[in-house]
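Worksheet: the structure to be examined is printed underneath.
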Amino acid sequence: MPDDDTELDWLPTEELRVFRAFNRSWQALNARIDEDLKRDVGLPRTYLDILFRLRRAPGRALRMTRLAEITGSKASRITHAIGRLEQAGLVRREVPAGDRRGWLAVLTDEGLARVHQAAPRYARSIREHYLELLTPAMRAQITRIGEALLTHLDPESLPGASEKEHKDQC
């Protein structure tokens, strides 16, 4: 087996460049937003995503399994995150009335206050590290690209796929 890449069935240079530019920029953007939020709000983006989704849910509560689904997380990660958020007083766990098959994660008043505190910082980070760097034409193009990818990869997540799914989007 050769040691060099000449025998690999791999992406051509231009295709690899396209993928790396997207992948590395997305990773760097998320890392920068996380830094801002941890420093200024005390929580990572993934935890704020949970709080934002609970805020939008009826009764500010979601089943833990549903929360894992809509955040694209494993149940064990959601359990860990909810445990940390519960320790901070931002959520609480409850057994649903009349249905003891699972747990609900419920946003507390303190959690709601943290969402209101975090939202302006989150928006400022998105603008500063992403939106302000793009022209209107680039924004439109990225929107089209993202929607094309979602149409193939996750059509249910597109706005209009269903009203319930749209409401679950952050």
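Over the C-alpha atoms of segment 22-170, the Rg to Rh ratio, Rh being the Kirkwood estimate, stands at 0.99. For the pair Glu35 and Leu11, a Förster radius of 25 Å applied to the C-beta separation gives a FRET efficiency near 0.25, rounded to the nearest 0.05.
Dipole magnitude for the chain: about 1160 debye, using +1 per Lys or Arg Cβ and -1 per Asp or Glu Cβ, origin at the Cα centre. Rolling a 1.4 Å probe over the protein heavy atoms gives segment 25-114 an accessible area of 57 Å² per residue. Axis angle, to the nearest 10 degrees, between helix 45-56 and the longest C-alpha principal axis of the chain: 50 degrees.
Against the main long axis of the alpha-carbon atoms of the chain, helix 13-40 sits at an angle near 30°. Expressed as a whole percent, the accessible surface of the chain that belongs to carbon and sulfur atoms is 54, based on a 1.4 Å probe. With respect to the chain, whose longest principal axis is taken over its alpha-carbon atoms, helix 75-87 is tilted by about 50°. Highest mean packing first, where packing is the average number of other Cβ atoms within 10 Å per residue, the peptides 25-33, 146-154 line up as 25-33, 146-154.
If the chain linking Asp154 and Arg139 were pulled fully straight, counting 0.36 nm for each residue of separation and taking away their Cα-Cα distance, it would gain 3.3 nm.
The values are calculated or read from the model by the stated rules, or taken from the named source; none is laboratory data. Just so it is clear, the structure is predicted and the values come from calculations on it, not from any experiment. Cβ sites come from the backbone with ideal geometry, for glycine too, and all protein chains shown count toward neighbours. Note: areas computed on protein heavy atoms with side chains; ligands, DNA, RNA excluded. Shrake-Rupley method; radii C 1.70, N 1.55, O 1.52, S 1.80 Å.
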